[in-house]
Structure formats: structure tokens, C-alpha cells
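Q: My questions will all concern the structure given below.
The values are calculated or read from the model by the stated rules, or taken from the named source; none is laboratory data. Note that this is a predicted model, so its numbers are computed, not measured. Cβ sites come from the backbone with ideal geometry, for glycine too, and all protein chains shown count toward neighbours.
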């Protein structure tokens, strides 16, 4: 089976659709400007905003303004519709919808947080969680076979593509709409600001004087289906998914390792799957955020894999800003558009070379592109790479039924974590995370599998470390967006737990987190089962994690929902 | 100066959640990052927040901060010279 792409949808700071995106790239025009739509005190920070207000988006999408809907969902719906329209798909019943996001409904949560305590605007409460964004978009499209929400910070959307490709190969669906969406919020703008990685000027990826990133927003999706299915229904094939991989740096929660191990492994494995040598790559769309750390680490990883003969490389984040959870899809869409039109986009604002980093493309190059590599890396060293090509690769998969051995460990009370977690590591963990770590260590020990040989880590969480989210949100609102501590922000990301586990286990394998409300575990297990059946993995560690935070739980209860504490770890291995 | 060093140690223990450590456990002249106490880049950012909150000292980038945070004594000397509150 070859995996064909038959539809593209994209909305970002440089345009509301494919045509506008290509125009901006060719005219070398950035979409990163002075803040206009986001209501933050940090107006000194340039941002890549989609040039439409929520009201304009509602009107364009023909949605009633009375409906509780986040900007994240609006952007996602806009891009989804474009992709489905191009693919000429109206019936989605045999299709999976996999949409990465981390912010979810945070844009409305931060606006209504104080209202909620006064029992106002409560209809937005259930929109907060990441999975609600996917559900809301789906409600406006149709009834999909599967809804899944990977939430691994900035690599979320590329991980959605990987999941979609695996589902197709395993024959679980006929088509998949895959990508991601993220709107700008004061929450993550202040979070990145607390990490001191936002540039007050326009970002300059790979430049000697690079001083951080500019945040952006947007959404992008592509339609995946087998080549056979596409040809049979007369769809136009826009390109192929030829290879992909996710690997874990297992180094630090926010920083990348000097050697870029996770990035190196992801790129290497993606090329191996595509059955190509590094020399066959015509262009790399780098993660290239513009931070000192990312660009140096990614350069090191690229040089390790490609040697001295580097292909054309550019980061398009100086055009769009860093669209975080959507970036993997936005940049995949950009790569596909560049392959269709035959050009390599420029790395905007690059002026001075840095001997430790790669030298990106300084002028738009017009030439045919056969094979393109797209990188997308997230916090926790969650590193993904995707190979797109004009010809595709035949995935001759044998699907086998699997019988599994299961080991389970639940930790409800925390008594003796000190024997399991070193104090310097434990100090940043919430009590619930500590329980999770103990459960994980106990179950790994019981299974007898060597920690580094666990072939994949799957985490299911509905609200993540919600107490850390609430702590950062309240500090932000109370302190007027000034002088905020980075630790609760870092811990608020859904994939924090799975990445801390990978760091503890020194495990560089596949690492994913799903946030699909009550169906989070179902998503994680579907991913695991698919990979086991395809023979991609032989064993797995599954983490079920959630926290009940009194204030947030109180609000959920007002709308007839609730949250709970869970710290449960499973090991599965083939019998 | 000795009083300031003691206060700083207390504030560092609290801000970085160094559970189980007391003021006496932190060597005034030992390096805080890498070897020594073993702090990392996130701790450097937390120290920047701490110095702003308690002493009104503002850093514009993480690099400058880390250069100051050689040891508790180095921080104390910097605070004495630059504090605005």
C-alpha cells in the first residue's frame, strides 16, 4: 500500500488558504506582526496571528455566535473544510479524524476563568480540554469512525500524521484527516515568555544573533488514503507519505540535548522507512524555532545524519511564527505546496552565519522537489520527522493478530516514593506525578523488561497536570502577566508525564500522549494495538494519568461533569 | 552580608522546592549548576523570578542570569550591588 495525500487545508498568519500561503512564501512576506487580536499586556512581543477575529471566523464558517466554541476549534474547522473540499470528500463515516492540540480551549478558559467562579459563561467549561476541540470540529463536519487528539506539545500535529498513516496501513480506516490546530493564548505566550525564549524582534532561525522565537497560530490538515482508494475514486494525488518516525530525546523537559539524539533518531528512522539515503532528500523544512538551543541541537542532528553534503534547509517559522501544536501540519502543508509548485522557501531574516549551526536557504530557489523531510520537535524531547515524496513507498505490511501479556500497577496513596524517584527529580513533580512514577517503576520491574528496551510509551490523560495549569493561569491573571515562574507552565503541557518517564527510563523510543476526554485510554490503546499488529513494536508501556484539582473540578461539576485522580501503569508484551 | 546569604539560601530552597535541604546543607561558595547542587536551566529561570520578586532586580535574558548565579555568595554580592527593594 502507498499512502497518498489528496487534500490540503491550511490557515496561518500568512494566509487563510493554500493560494494565499503560496503567494506569501513566493513574495517573501512574513505574517508576524504587532499583536492585534490577542488581548495580552505583552504588546512588545510580535506574533503570527491569523488575520481574522473570532466573529469573522464564525461568520465565514456559518456558525452561530451563541455557540460555545474556542478559536482553536474555529481555526481547525476552517482548515479541515479546505482539505476535505479539495479531496472531494463529503462522507466521513469511514474516516479517522486525528487532530493534535495542546492549547485546546485555553483561549476561552483564560477569558472566562473569573466569570466561572461567579457562575457566568459556564457553557465554555467543557470546551477546555484538548479533546473537546477535536469533537467540536467533528460535530461541524460529520460522524467520523475515530476521533483522536495527540497532545505532545509542538510535535502534536506530526504525530497525528504518523497515527493516521499507521491506521491506514493496518486497514482500520479507508481515509484519515490528520493535522493539528492551535490558537494564540495569553497562557502559552506568558509560558514561553517565562522560559525567556521569545524574541522581541522578528525571529531569525539559524542566525548567529538569533534571540528566540515568535509565537504563531493556525491549523492545517491533510487527507490521507491508500493510492488504490484515491485512484479508484478519481481523486488527484498531491504527494505521498513515504516515511515517518517519532523518537524521544529523553534529556530534559524543555531543552534539547547538545547531540540532538531524539531529532537524529527520528530523521534516521523516517529515512529508513522511506528506503532512501540522506542524499535523496532535496529539502528539509527544519523545526528551526530561532532559539539558541533548538537551532544548535537540530543542526548537530542534521550534520550527524547528512554529513558534509547538506540538502537545502530552511525554517518557515519566520513567516508563520511558531504555531506550536499545529506547526507539524502547517509545515507539512507548506512542503506539499512547495513540491507542487517546485520551489524551496527562503529562511527569512537570516543574515549572519553561525559556525555551529547549518546555513539555511537565503533566497527562494525554483527547482523540482522529489523528496522532502519535515521536522517537528516538542517539549520533553518529543521529536518527529516525516518524509514526503512524489513517488511514494509501498508499505508491504503483514497484519498479525496479537495475544498480549499484561502487567498492571495502580498507586493510590503515596508513601514511599523516595525509594523510586531521586529527590532532585521528584522536587518538580506534583503528588499525582510522583504516584505515576512509582506505578511505572513497579510495573516495569515486575515485567522484567529492560527500561531502554520498552519499544513505545503511550500516555492517556484528559486534563494533564491540571493543578499546574490552574496555578500558572491564576498567577498570570493575578500578577498581570509579569514575572511568572516557568515550572508550572512546563508541567502544564499534557506530555510532561510521558517525557519525564522517558527521561527516568533513558528511553529513546516512540512516545505519545492522547487527550480525548473519557476516551483518552481508548486512543492510546488503539495506537498501541495498531503498532503491535503492524509489527512496529513488540511491547509497550501505557500510562493512565489524571489529576482532580478542586477549583476546576468544581466548575466541571456545575456542567454535570467531574475529574478524578488516576495513576495507573501497564506493560503489554507479545506472548 | 551573612544575613543576606542566609535569607537567600532560604528563598532558594523554597523557590526550587529543594525538599529535605536546610540552609546549612548549601555551601555558600560551591557552584550551583552542573556539579555542586546540580541545578539546571529551569532553575536559573526560577532564580531570575526570585530576584525580581524579592529584590527588584530585572534580567533581560537567561544568559546574564546564569553568569551571576555562580554560587550563593556571588548572588548575594550581586543583590547587594543591584537591589532596588
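Q: Taking the stated definitions as given, is residue B:39 touching a helix residue (DSSP H, G or I) at 6+ places or on another chain (Cβ under 9 Å), buried (at least 18 other Cβ atoms within 10 Å of the Cβ), modelled with pLDDT under 95 and more than 10 Å from every other protein chain (Cβ to nearest Cβ)?
A: Values: touching a helix residue (DSSP H, G or I) at 6+ places or on another chain (Cβ under 9 Å): yes; buried (at least 18 other Cβ atoms within 10 Å of the Cβ): yes; modelled with pLDDT under 95: yes; more than 10 Å from every other protein chain (Cβ to nearest Cβ): no.
It is false that residue B:39 is touching a helix residue (DSSP H, G or I) at 6+ places or on another chain (Cβ under 9 Å), buried (at least 18 other Cβ atoms within 10 Å of the Cβ), modelled with pLDDT under 95 and more than 10 Å from every other protein chain (Cβ to nearest Cβ).
Q: Within the stretch A:55-77, does at least one residue satisfy the condition of being over 30 Å from residue A:201 (Cα atoms), under 24 Å from the mean Cα position of the chain (by Cα) and assigned to a strand (DSSP E or B)?
A: Checked against the condition, which is being over 30 Å from residue A:201 (Cα atoms), under 24 Å from the mean Cα position of the chain (by Cα) and assigned to a strand (DSSP E or B), the stretch A:55-77 yields no hits at all.
Q: Would it be correct to say that residue A:250 is in contact (Cβ under 8 Å) with a residue 24 or more places away in the chain, in the same structural domain as residue A:325 (by TED's automatic domain parsing), surrounded by fewer than 21 Cβ atoms within 10 Å (Cβ to Cβ) and touching a helix residue (DSSP H, G or I) at 6+ places or on another chain (Cβ under 6 Å)? Show your work before the answer.
A: Working: in contact (Cβ under 8 Å) with a residue 24 or more places away in the chain: yes; in the same structural domain as residue A:325 (by TED's automatic domain parsing): yes; surrounded by fewer than 21 Cβ atoms within 10 Å (Cβ to Cβ): no; touching a helix residue (DSSP H, G or I) at 6+ places or on another chain (Cβ under 6 Å): yes.
Against the criterion (in contact (Cβ under 8 Å) with a residue 24 or more places away in the chain, in the same structural domain as residue A:325 (by TED's automatic domain parsing), surrounded by fewer than 21 Cβ atoms within 10 Å (Cβ to Cβ) and touching a helix residue (DSSP H, G or I) at 6+ places or on another chain (Cβ under 6 Å)), residue A:250 does not qualify.
Q: Write out, first by first residue and then by second, each pair whose Cβ atoms fall under 8 Å of each other, whose residues are 6+ apart or on separate chains, and whose first residue, in the stretch A:486-512, is more than 13 Å from every other protein chain (Cβ to nearest Cβ) and at positive phi while the second is modelled with pLDDT of 95 or more and part of a loop (DSSP other than H, G, I, E, B).
A: Pairs found: A:506/A:250.
Q: Moving on. Would you mind finding the one in B:62, B:44 that is closer than 24 Å to residue A:490 by Cα, in contact (Cβ under 8 Å) with a residue 24 or more places away in the chain and at the interface with chain A (Cβ under 10 Å from one of its Cβ atoms)? Walk me through how you get there before you give the answer.
A: Values: B:62 fails: in contact (Cβ under 8 Å) with a residue 24 or more places away in the chain.
Answer to the check: B:44.
Q: Can you tell which of A:532, A:543 is out of contact with any helix residue (DSSP H, G or I) (no Cβ under 9 Å at 6 or more places or on another chain), at pLDDT 95 or above and surrounded by 20 or more Cβ atoms within 10 Å (Cβ to Cβ)?
A: Numbers: A:543 fails: out of contact with any helix residue (DSSP H, G or I) (no Cβ under 9 Å at 6 or more places or on another chain).
Criteria check complete, one pass: A:532.
Q: Can you tell me which of (1) under 13 Å from the mean Cα position of the chain (by Cα); (2) free of Cβ contacts under 8 Å to residues at least 24 places away in the same chain is the one residue A:120 doesn't meet?
A: Status for residue A:120: all satisfied but (1).
Q: Please verify whether residue B:80 is surrounded by 16 or more Cβ atoms within 10 Å (Cβ to Cβ) and either touching a strand residue (DSSP E or B) at 6+ places or on another chain (Cβ under 7 Å) or modelled with pLDDT of 95 or more (or both), treating the condition exactly as stated. Break it down into steps so the answer makes sense when it comes.
A: On the way: surrounded by 16 or more Cβ atoms within 10 Å (Cβ to Cβ): no; either touching a strand residue (DSSP E or B) at 6+ places or on another chain (Cβ under 7 Å) or modelled with pLDDT of 95 or more (or both): yes.
So residue B:80 does not fit the description; no.
Q: Right, another one. Report, by residue number, each residue of the stretch A:126-154 that is in a helix (DSSP H, G or I) and either closer than 22 Å to residue A:331 by Cα or touching a residue at least 60 places away in the same chain (Cβ under 8 Å) (or both). Break it down stepwise before answering.
A: The first filter runs over the stretch A:126-154 and keeps only residues in a helix (DSSP H, G or I), leaving A:126-127, A:130-139, A:153-154.
A:126, A:130, A:131, A:132, A:133, A:134, A:135, A:136, A:137, A:153, A:154, listed by residue number.
Q: Okay, next question. Any idea which of A:99, A:70 is closer than 22 Å to residue A:166 by Cβ and at pLDDT 95 or above?
A: A:99
Q: Further question: Considering only helices (runs of 4 or more DSSP H) fully contained in the stretch A:250-321, which possess at least 2 residues that are more than 20 Å from the chain's Cα centre (by Cα) and either within 14 Å of chain B (Cβ to nearest Cβ) or modelled with pLDDT of 95 or more (or both)?
A: On the way: elements: A:261-273, A:292-306, A:317-320.
Correct list: A:261-273, A:292-306.
Q: Any residue that is away from chain B (no Cβ under 13 Å), within 25 Å of residue A:424 (Cα to Cα) and crowded, with 20+ Cβ neighbours inside 10 Å - is there at least one of those in the stretch A:513-521? Steps first, please.
A: Residues of the stretch A:513-521 that are away from chain B (no Cβ under 13 Å), as a first pass: A:513-521.
Checking which are within 25 Å of residue A:424 (Cα to Cα) leaves us with A:513.
Among the residues that remain, those that are also crowded, with 20+ Cβ neighbours inside 10 Å are: A:513.
So far as the stretch A:513-521 goes, yes, one or more of its residues are away from chain B (no Cβ under 13 Å), within 25 Å of residue A:424 (Cα to Cα) and crowded, with 20+ Cβ neighbours inside 10 Å.
Q: Output the residues belonging to the stretch B:65-74 that are away from chain A (no Cβ under 11 Å) and buried (at least 18 other Cβ atoms within 10 Å of the Cβ).
A: Initial filter on the stretch B:65-74 (away from chain A (no Cβ under 11 Å)): B:67-74.
Once the filter is applied, which keeps residues that are away from chain A (no Cβ under 11 Å) and buried (at least 18 other Cβ atoms within 10 Å of the Cβ), the stretch B:65-74 yields B:68, B:69, B:71, B:72.
Q: While we're here: Can you tell me which of B:14, B:3 is within 13 Å of chain A (Cβ to nearest Cβ) and either in a helix (DSSP H, G or I) or touching a residue at least 60 places away in the same chain (Cβ under 8 Å) (or both)?
A: Numbers: B:3 fails: within 13 Å of chain A (Cβ to nearest Cβ).
Result of the check over B:14, B:3: B:14.
Q: Among the candidates B:29, B:25, single out the residue that is surrounded by fewer than 17 Cβ atoms within 10 Å (Cβ to Cβ), touching a helix residue (DSSP H, G or I) at 6+ places or on another chain (Cβ under 6 Å) and more than 27 Å from residue A:480 (Cβ to Cβ).
A: Details: B:25 fails: touching a helix residue (DSSP H, G or I) at 6+ places or on another chain (Cβ under 6 Å).
On inspection, the qualifying residue turns out to be B:29.
Q: Look through the stretch A:475-485, keep the residues that are in contact with a helix residue (DSSP H, G or I) (Cβ under 8 Å, 6 or more places away or on another chain) and part of a helix (DSSP H, G or I), and return whichever of them is farthest from the other protein chains (Cβ to nearest Cβ).
A: First pass over the stretch A:475-485, keeping only residues in contact with a helix residue (DSSP H, G or I) (Cβ under 8 Å, 6 or more places away or on another chain): A:475-477, A:481, A:483-485.
Within this subset, residues satisfying the condition of being part of a helix (DSSP H, G or I) are A:475-477.
Numbers: A:475: 10, A:476: 13, A:477: 17 Å.
Top of the filtered list is A:477.
Q: Among the residues of the stretch A:365-385, is any assigned to a loop (DSSP other than H, G, I, E, B) and crowded, with 21+ Cβ neighbours inside 10 Å? Outline the logic, then answer.
A: Restricting attention to the stretch A:365-385, the residues satisfying the condition of being assigned to a loop (DSSP other than H, G, I, E, B) are A:367-370.
In the following step, the residues that additionally are crowded, with 21+ Cβ neighbours inside 10 Å were identified as A:369.
So far as the stretch A:365-385 goes, yes, one or more of its residues are assigned to a loop (DSSP other than H, G, I, E, B) and crowded, with 21+ Cβ neighbours inside 10 Å.
Q: Let me ask something else about it. Looking at the stretch A:144-164, which of its residues are over 8 Å from the mean Cα position of the chain (by Cα) and surrounded by 24 or more Cβ atoms within 10 Å (Cβ to Cβ)?
A: Our first condition is that a residue be over 8 Å from the mean Cα position of the chain (by Cα); within the stretch A:144-164, this holds for A:144-149, A:161-164.
Within the stretch A:144-164, A:148, A:149, A:161, A:162, A:163, A:164 meet the criteria.
Q: Out of (1) within 27 Å of the chain's Cα centre (by Cα); (2) in contact (Cβ under 8 Å) with a residue 60 or more places away in the chain; (3) closer than 28 Å to residue A:519 by Cα; (4) surrounded by fewer than 23 Cβ atoms within 10 Å (Cβ to Cβ), the odd one out for residue A:393 is which?
A: Result: residue A:393 fails condition (3) only.
Q: Given the residues A:123, A:119, which is the only one that is outside any helix (DSSP H, G or I) and over 28 Å from residue A:498 (Cα atoms)?
A: Details: A:123 fails: outside any helix (DSSP H, G or I).
Going through A:123, A:119 in turn, just one is outside any helix (DSSP H, G or I) and over 28 Å from residue A:498 (Cα atoms): A:119.
Q: Is there a residue being surrounded by 18 or more Cβ atoms within 10 Å (Cβ to Cβ), within 14 Å of chain B (Cβ to nearest Cβ) and either part of a helix (DSSP H, G or I) or touching a helix residue (DSSP H, G or I) at 6+ places or on another chain (Cβ under 9 Å) (or both) anywhere in the stretch A:221-239?
A: Scanning the stretch A:221-239, I find no residue that is surrounded by 18 or more Cβ atoms within 10 Å (Cβ to Cβ), within 14 Å of chain B (Cβ to nearest Cβ) and either part of a helix (DSSP H, G or I) or touching a helix residue (DSSP H, G or I) at 6+ places or on another chain (Cβ under 9 Å) (or both), so the answer is no.
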